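The values are calculated or read from the model by the stated rules, or taken from the named source; none is laboratory data. The structure displayed is predicted, hence computed values, not measured ones. Cβ coordinates were reconstructed from backbone atoms using ideal geometry, including for glycine residues, and neighbour counts include every protein chain displayed.
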Amino acid sequence: MVLAVRAVSANPAPAASEESGLIEFSALSDYDVDESTILRGRRRSVEERSIEEIKLPASERLAMNATANFDGESALFCTVGRGQAAIDLARRHPDARVVLQIFDQFRATETQEFDEAQLPNLEIRCTADFPETEFDLFVLPLTRGGEAELARDLLQFGYQQLKKGGQFVAAVDNPKDTWLMHEIEKLAKNITRTPKRHGVLYRLQKQSPLKRFRDFRCEFGFRDGDRVIKVISRPGVFSHRRLDLGARALIESMEIPNGARVLDVGCGSGAVGLAAALRASDVRVYAVDSNPRALDSAKQGATLNGISGFHTALSAEGDLVFDGLDESGTFDVAVGNPPYYSHYQIAEIFLQTARKALRPGGRTWMVTKHPEWMVARMQQLFLSVESREVRGYHIVSGVRSERT
């Protein structure tokens, strides 16, 4: 994703305390936080570019070309771009129902804005699963190096949603591919393989239902004190099938008082939020993520652990609306494990979301492997910033000031 963040200068490096590896930082700088600048670059990229101007990934192009002779009534697409193949088909076949499934709220919103004509026959979905209705065509572009288990999951779900006689199309940007071919052969044997300069296109016609449908969901557990907490994860969710070591460090470091309202920013499978909910009595946890499969996993985890008062919201920009209510400024604790890619742009959203969420005096805990940026930025947004190394990660915490 593309994000413009105002350049900031870090405060001079503070002196380190010798006690317990703890580093304390003094005052918040006078940096004026203007939240409208945080996402300006993302919005400008959407507003000023049309769908034709966005680079078309090789597998997306292969998928687009493969649908030239479509003559059905309905089609289901995934995308590795901005839905170009689905939008192209919807334009050419205005009477066909075209569904584009995206598993990230930011990409879904951006694709909706790229759909300049607001095509009435195109439905852009950001949900945990495909629609349950059957389709005449399923199209799945993939990129080499993508998540293998997610690809397997989407392949079988897409094949399952085809009508008998429906067309299955998959493309990958690897001219020497054999992995995808072998995975498709698990669905059916009547495959047509068409090598291209920049990838390979696969086609088949559904002749019979799947012989075996594999559930790629995973349940695993981890110990927090004397309690074993159970987690559900799904392909496409961060740290599928295991507890991330950074999340473990965060769980061990966060302090959750009785009756606390806790925000889990970028919750993933919900492991940190589940631990917070069970750490003290009468804790209410609110989890936010841009991935609907992450929220689905977190909700299932809450049910599995018998947790009530666990709320979720789908957002890519740190919105804090849960069940129709804006919960900004009501939280005692905000925790997060920001990703390391995107030049700290997503980490910036995590911090801004935590700052907006906390009541005055509320505390945030963030985990990172890059403490220099995190510490400097948190100095500008929070008071009493501290950094501690835990399990090779750094837990950086700070307190929300009284001023807005």
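Just one of the numbered conditions (1) surrounded by 14 or more Cβ atoms within 10 Å (Cβ to Cβ); (2) outside any loop (DSSP other than H, G, I, E, B); (3) within 29 Å of the chain's Cα centre (by Cα) is not true of VAL228; which one?
VAL228 satisfies all of (1) surrounded by 14 or more Cβ atoms within 10 Å (Cβ to Cβ); (2) outside any loop (DSSP other than H, G, I, E, B); (3) within 29 Å of the chain's Cα centre (by Cα) except (1).
How many residues are in a loop (DSSP other than H, G, I, E, B) and within 22 Å of ARG227 (Cα to Cα) when one looks only at the range 273-301?
Qualifying residue count, the range 273-301: 4.
With the structure loaded, tell me whether PRO235 is within 24 Å of the chain's Cα centre (by Cα), not in a helix (DSSP H, G or I) and not polar (S, T, N, Q) or whether it fails that test.
Criteria met by PRO235.
Residues being touching a residue at least 40 places away in the same chain (Cβ under 8 Å) and among the hydroxyl-bearing types (Ser, Thr, Tyr): count how many of those fall in the range 220-259.
Selection size over the range 220-259: 2.
Looking at the range 242-260, is at least one residue under 30 Å from GLN161 (Cβ atoms) and not small (Gly, Ala, Ser)? Give the derivation first.
Here is the first cut: in the range 242-260, the ones under 30 Å from GLN161 (Cβ atoms) are 242.
The next check asks that each one be not small (Gly, Ala, Ser); those that pass are 242.
Yes, because at least one residue in the range 242-260 is under 30 Å from GLN161 (Cβ atoms) and not small (Gly, Ala, Ser).
Residues LYS196, LYS164: which one is touching a Lys or Arg at 6+ places or on another chain (Cβ under 8 Å), modelled with pLDDT of 95 or more and surrounded by fewer than 20 Cβ atoms within 10 Å (Cβ to Cβ)?
When all the criteria are applied, what remains is LYS164.
Looking at the range 159-194, which of its residues are among the β-branched types (Val, Ile, Thr) and part of a loop (DSSP other than H, G, I, E, B)?
THR178, ILE191
Name the residues in the range 266-317 that are surrounded by fewer than 24 Cβ atoms within 10 Å (Cβ to Cβ), of a type in the set (Gly, Ala, Ser) and out of contact with any Pro (no Cβ under 7 Å at 6 or more places or on another chain), would you?
SER281, SER290, ALA302, GLY306, SER308, GLY309, ALA313, SER315, ALA316
Taking only the range 83-113 into account, find how many residues are modelled with pLDDT under 95, polar (S, T, N, Q) and surrounded by fewer than 24 Cβ atoms within 10 Å (Cβ to Cβ).
Residues that pass the stated criteria total 2.
Only one residue in GLU110, GLU60 is of a type outside the set (S, T, N, Q), in a helix (DSSP H, G or I) and more than 17 Å from the chain's Cα centre (by Cα), so which one is that?
One residue alone meets the criteria, GLU60.
Out of ARG359, ARG355, which single residue is under 22 Å from ILE256 (Cβ atoms) and within 21 Å of the chain's Cα centre (by Cα)? Walk me through how you get there before you give the answer.
Working: ARG359 fails: within 21 Å of the chain's Cα centre (by Cα).
Checking each option against the conditions leaves just ARG355.
Is one or more of the residues making up the range 125-141 assigned to a strand (DSSP E or B), within 24 Å of LYS164 (Cα to Cα), of a type in the set (S, T, N, Q) and in the same structural domain as LEU162 (by TED's automatic domain parsing)?
The answer is no; no qualifying residue exists.
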